[in-house]
Each structure stands twice: as C-alpha cells, then as structure tokens.
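Written below as structure tokens is the structure these notes are about.
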Amino acid sequence: MQGNELKRRYIDFFVSRNHTEISGKSLIPENDPSVLFTTAGMHPLIPYLLGENHPSGSRLVNVQKCIRTVDIESVGDSSHLTFFEMLGNWSIRDYFKKEAIAWSYEFLTNKDFLGLNKNRIYVTVFEGDNDVPFDYESYNAWLSLAVPKEHIFKLPREENWWQPAGRGGPCGPDSEMFYDTGAEKCGSDCRPGCFCGKYFEIWNDVFIEYNKQSDGSYVALETPCVDTGMGVERTISMLQGKKTVYETELFAGIIRSIEDISGKKYRDDDSSTRSFRIIADHVKTAAMILGDGNAVRPSNLGQGYILRRLIRRCVRHGLKIGIDSNFLAQVAESVIRTYESAYVELASRQEFIQSELSLEEIQFRKTLNKGNKEFYGVLADLNKNKKRLIPGQEAFHLYDTYGFPIELTQELAEENNITVDRAGFDEAYRRHQEISKKGADKTFKGGLVDDSLMSIRYHTATHLLHEALRRVLGEHVAQKGSNITGDRLRFDFVHPRPMTDEEKKSVEKIVNDRIAENLPVSVQTMTIEQAKNINARALFEGKYGEQIRVYSIGNFSTEVCGGPHVESIGDIGEFKIVKEQSVSRGIRRVRAVLT
Ligand code: SER
C-alpha cells in the first residue's frame, strides 16, 4: 500500500464515522512563538483542544505535514526523519477513549483497511503516577476488544504521556499501538516501546484530559478531547515490508536523483547510505519549508536558521559522496514531483524553492572552502602539539571569521577523532553577544552615530519595508511618499485597508530576518528598459534610454533609486513599526524606527 492509498483509506474510514475532513495547515505555526515548526498534527488544533469550537464540528480527520528537528543528529539511521506527514482523527469534546480505541483497532485489523494480524498487535497504556491515576478506561477498552492481557503493557509517564513540544498546554495519557515484526527480542526486558526494531510503533491515541500550566501544574479539562497520530512514512514502510522509510515510494525518486547526480549507489557502503538519507530527508524538509504558504528563507534566526542548517548539511554530505557542484535544486525537483499532487503549492513555488536552495548552496560553498582550510590548519597545529581538543576560542574564530557553524566544526572534529571544547565555544559566543549588544547600545543610544548616518540607514530600511509590504499585502502596494529623519522613517503606500497586527508583525519579521542575514547592498547603472526587464521597483517615469541607478539588497529588493544606502544591512538595527494610519483614501502611512 502506497502513501496516497493509506491516506485515502484513513480519511474514508473516519469520514464514514461522521468525521469531517479538514485541510492540513502551514508548517510555520501561526500565533505560537513557542515552537518554530508544526511538530505534530495537534499543533494547529491546540485552541480547539483547549476550548474553542471548531468551525467544522466536533469530529475531524486530517493529514498534517510536520517538522521535528530535535532528533536531527539521528537522521541517517533507518527511521528518523525531519519531515513527515501525520494522519489524525480528532474528537473535540465528542467521543472519548472507548470509541477512539475501538476505531483504531478496527482500522488496523479489518481487512478492508489495514488488515493487520491481530496476534501481532501490542498496545500500551499509562500506568499512573502521583499526579494522574492508572488509565484503567483505556486498559478496559482494549480488553473489551478481546486483546489478550499479555499484549497490553502498562508503562510510565516517559512513554505514555503526550505533551506538545515547547510548551505546556493540552496533554494527557496516551495509548500506543505496535506491530510485532517477528524479529527476536533483543533481551528479556524487550517490550513495546523498545527501540530494537522488534515492535514497530504505528499509532498513538492521546487522551487530552489536562491543560498543563506554565508553573507545571495540571488543570483537568471540563470535557476531554482525543488527538491521534499515525505517521504516514513509517506506517507504509511497515505495510510494504520495507526495512526503512527510505525504501518507500516517498523517497525512491529522491534517492534516484541523488544517485544520478553523484554516480554513486545508495547502497555502496554504510557511510554513503547515511549521506544519501541525510540529503534526501533534508532536501525534502527544506523544499517543504520553502514551498509552504508562509515560507521562510535561510537566515541566522529561528526557522531560517534551521533551514540554513539543513541546506548546509546537504552540501557537506554531497561532498562526502563526491558531489562538488550545485545539486540541491535538482534534488528538490524530485521532491516536488513526489509531493505535488498532495501539496499543489510546491509546484507553483518551484522557482522560489529552487533558487533559494541554489543561492544558499553557492554562498555556503564559498564559506566552506575558506573555513575548511582554516580547520585543517588548526588540526595540523593540534597534531603537531599532540593535542586532541579544539579550544573553544578557536571554534569561535571559525564561526565568527569564517561563518563556520559550530555543528560543522563538531562534525569535522568527530571525523578526525578529536573533540571541540563546546563549553568554551559557548562562553566565547556569549561574551561576543554581550560585547556587540553593548556596542550597539552605545552606537544607538549614546548618539555616536550622527543623524546623516542614521538617515542612510533609514533609507535602506525603507527599501526593505517597501518590499516586505508587497510580499505581505500584495503586488498592489506602491510607494506614494517617503520621509526620513535621523529618528524615524515614514512611508506612504497604496493599500485599501488598515494593516492587521499580524500583517505588521510579518512585515517586521521579514525586514528583521533580512537584517539578520546581513544582506549586501549593491548598485548598478542601467536604462529604464533594462530596469523594467529585471523587475526593479520604480515609477518608470523618464525618457527612453535614460540611465538610472538600481539598488539591490541581496536578491530581496531591487529598486530604482538615487541613494545613498549602507553597504550591508546587518548593522542597521532592529526594525519596528510604531504606527500605521490612513493619509488619504486608499493610501496608508507607516512610521517605523530602528532600535
Ligand atoms: N500528538 C500525538 C503525536 O504526535 C498524537 O497525534 O504522536
């Protein structure tokens, strides 16, 4: 059974039991600063689990794309993935344990659905502790389905309690379902939940009975909910009898494209296999992030930083299997072909996905060349002095001067059987942050920067704002006026409505993410026609053939302008919108500051 068929059967099963199919949501959570990505199917549904009524009713079913990066270092083994799809059925204060468990068991064992052998199904329930009692209701629900006692395991909180990543919130005991692969037990205490591979976890029914408070206490919900999760990749690999998720159709095309590019085979040796898997997983995740409606770009902050790390690891593992030219856009093409029927936005954003991957790849290859030389220089010195530890200060120097991420230094060190003084690095990093913060305070608050330099910064910030407004509000945004002092910028533009708080936040975030990337500013002279051809923003008044100047900030904004601008934007400060108002019909005004 392929992934699409599994999804179809799952949705059909629950729709026929009065569930409404709802669409999956963005990978980038809205209104939830506590996590960077949607880490589970429940994430977008948290407000409903905590009490809001869902517009589609009290029984829901969906497929949700998810990203989990806590185990990023384990990717490359047979089962860890950073991107996966999760099937879920939901009771929003409707049915509870008995029904949820009965349906789970029916879907797993009925031959019209998964048709798994009942004798091979094992389940677990929460054994209880000082805070929450033994989950006898789930235990009894399994017994009443004639699941033998020997197949029901009572396990502690570490294994049978679900809590969303990164925050308190809706949580409760869960009941997990496993399939016995028939492999030998790894030891006398091998049981469902053991990682040896004998018991394959298929599904998790979570009974949302509590809301965990920020002080750590649990408040019982008035009416509980059900959240269930079945991982698509894992489940089909089990149904297809494959040893790993990478052998299913959800990876086949992607692995093939890496084989074509590298001229190597996925199975050549263990180390190549690991690199193939890392590239396949990470390009998929990166393409999904860039293909999302709320796409972020590689940067040094938040989601952008995770994206950057994923891309950079791919480049490094590409080198390990002999790929030394740009290849990520090509691998992304096979990701898009694999998923475009499920996620139409991937095809429509193909160009963006591929160009962002390539840009980051090109930039990183430059960094790598420089940093590699430096790293091997450090290594030679250590060898000469018979030392096996890279001092934290040295690792920080690689980071600060060569843009070499600490994770990369650690990986290279491991390959060369030495270690990095991570605590020393963290200390150097912290000191540096403090110093630059102090420096910034002095620069901005102490008035050392004169008004004219501040005005130039505001001018460059205005270009960033202009482009960010177009991206957030739409292509209709056109500049109607700009006014800059040493203390603030004011920008007037075409837009029919007041901006919402979210829109303002998104605009600020886009601008600040670009600042964090420290994009360079460049200027070119060209004719109006040429400027039009490269889609530079302008009113394009002027004579045919007239020469004009076009300022570009990275590849983010391109605008016809007389200047002046800063050379790169990393130091201009933090951008904040302080006011948004109407100036005339259809024209809005934003005031913003750099702090
Ligand atoms: N939230 C649970 C999980 O992610 C069930 O969906 O496993």
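Answer yes or no as to whether S23 is in contact with a His (Cβ under 7 Å, 6 or more places away or on another chain), surrounded by fewer than 18 Cβ atoms within 10 Å (Cβ to Cβ) and either farther than 20 Å from F107 by Cβ or of a type outside the set (S, T, Y) (or both). So S23 does not fit the description; no.
Checking the stated criteria, Y246 turns out not to satisfy the condition of being touching an Asp or Glu at 6+ places or on another chain (Cβ under 9 Å) and surrounded by fewer than 17 Cβ atoms within 10 Å (Cβ to Cβ). For the range 199-247, the set of residues classified as within 16 Å of the ligand (Cβ to nearest atom) and basic (K, R) consists of K212, R234, listed by residue number. Among the residues of the range 73-90, is any closer than 27 Å to L221 by Cβ, among the hydroxyl-bearing types (S, T, Y) and within 16 Å of the ligand (Cβ to nearest atom)? Checking the range 73-90: not a single residue is closer than 27 Å to L221 by Cβ, among the hydroxyl-bearing types (S, T, Y) and within 16 Å of the ligand (Cβ to nearest atom). Taking each residue of the range 67-90 that is within 26 Å of V226 (Cβ to Cβ) and looking for partners that are within 10 Å of the ligand (Cβ to nearest atom) and not in a strand (DSSP E or B) with beta-carbon atoms closer than 6 Å, six or more apart or interchain, yields R68/T39; M86/G41; G88/G41. For the range 144-192, the tally of residues that are surrounded by 14 or more Cβ atoms within 10 Å (Cβ to Cβ), more than 13 Å from the ligand (Cβ to nearest atom), not in a loop (DSSP other than H, G, I, E, B) and not β-branched (V, I, T) stands at 8. Which residues, counting only those in the range 14-29, are more than 16 Å from the ligand (Cβ to nearest atom), not in a loop (DSSP other than H, G, I, E, B) and not polar (S, T, N, Q)? Selection gives V15, E21.
Of the residues in the range 152-171, at least one is aliphatic (A, V, I, L, M) and farther than 26 Å from T39 by Cβ.
Of everything listed in (1) within 16 Å of the ligand (Cβ to nearest atom); (2) buried (at least 18 other Cβ atoms within 10 Å of the Cβ); (3) modelled with pLDDT of 95 or more, the single unmet condition for Y105 is (1).
Could you list, in sequence order, all residues of the range 265-298 that are over 26 Å from P405 (Cα atoms) and at pLDDT 95 or above? Once the filter is applied, which keeps residues that are over 26 Å from P405 (Cα atoms) and at pLDDT 95 or above, the range 265-298 yields K265, Y266. Within the range 313-358, the set of residues being part of a helix (DSSP H, G or I), buried (at least 21 other Cβ atoms within 10 Å of the Cβ) and in contact with a Ser or Thr (Cβ under 6 Å, 6 or more places away or on another chain) comprises H317, V331, S334. Before we move on, is F134 touching a strand residue (DSSP E or B) at 6+ places or on another chain (Cβ under 9 Å) and over 29 Å from R277 (Cβ atoms)? Yes: the conditions hold for F134. For the range 30-48, the set of residues classified as within 14 Å of the ligand (Cβ to nearest atom) and assigned to a loop (DSSP other than H, G, I, E, B) consists of V35, F37, T38, T39, A40, G41, M42, listed by residue number.
In the condition set (1) over 20 Å from G474 (Cβ atoms); (2) out of contact with any strand residue (DSSP E or B) (no Cβ under 7 Å at 6 or more places or on another chain); (3) of a type outside the set (G, A, S), R591 is compliant with all but (2). A count restricted to the range 265-283 and to residues that are in a helix (DSSP H, G or I), of a type in the set (S, T, Y) and surrounded by fewer than 24 Cβ atoms within 10 Å (Cβ to Cβ) stands at 3.
Taken over the range 569-586, the criterion of being assigned to a loop (DSSP other than H, G, I, E, B) and more than 34 Å from the chain's Cα centre (by Cα) is satisfied by R585, G586.
Among the candidates S104, S74, which residue alone is within 32 Å of the chain's Cα centre (by Cα) and farther than 19 Å from I306 by Cβ? On inspection, the qualifying residue turns out to be S104.
For the criterion of being under 17 Å from E176 (Cβ atoms), at pLDDT 95 or above, among the charged types (D, E, K, R) and touching a helix residue (DSSP H, G or I) at 6+ places or on another chain (Cβ under 8 Å), K97 passes. Only one entry of N130, N117 meets the criterion of being modelled with pLDDT under 95 and either farther than 30 Å from L310 by Cβ or within 16 Å of the ligand (Cβ to nearest atom) (or both), and that entry is N130. Residue check: is D292 in contact with a helix residue (DSSP H, G or I) (Cβ under 9 Å, 6 or more places away or on another chain), within 16 Å of the ligand (Cβ to nearest atom), closer than 30 Å to L49 by Cα and of a type outside the set (K, R)? So D292 fails the test.
Filtering the range 454-468 for residues that are surrounded by fewer than 17 Cβ atoms within 10 Å (Cβ to Cβ) and modelled with pLDDT under 95 leaves a non-empty set. Does the range 49-70 contain any residue that is outside any loop (DSSP other than H, G, I, E, B) and away from the ligand (no atom under 16 Å from the Cβ)? No, there is no match, as no residue in the range 49-70 is outside any loop (DSSP other than H, G, I, E, B) and away from the ligand (no atom under 16 Å from the Cβ).
The values are calculated or read from the model by the stated rules, or taken from the named source; none is laboratory data. What you are looking at is a predicted structure, and each value in this text was computed from that prediction instead of being measured. Counting neighbours? That spans all protein chains shown, and the Cβs are built from the backbone with ideal geometry, glycine included.
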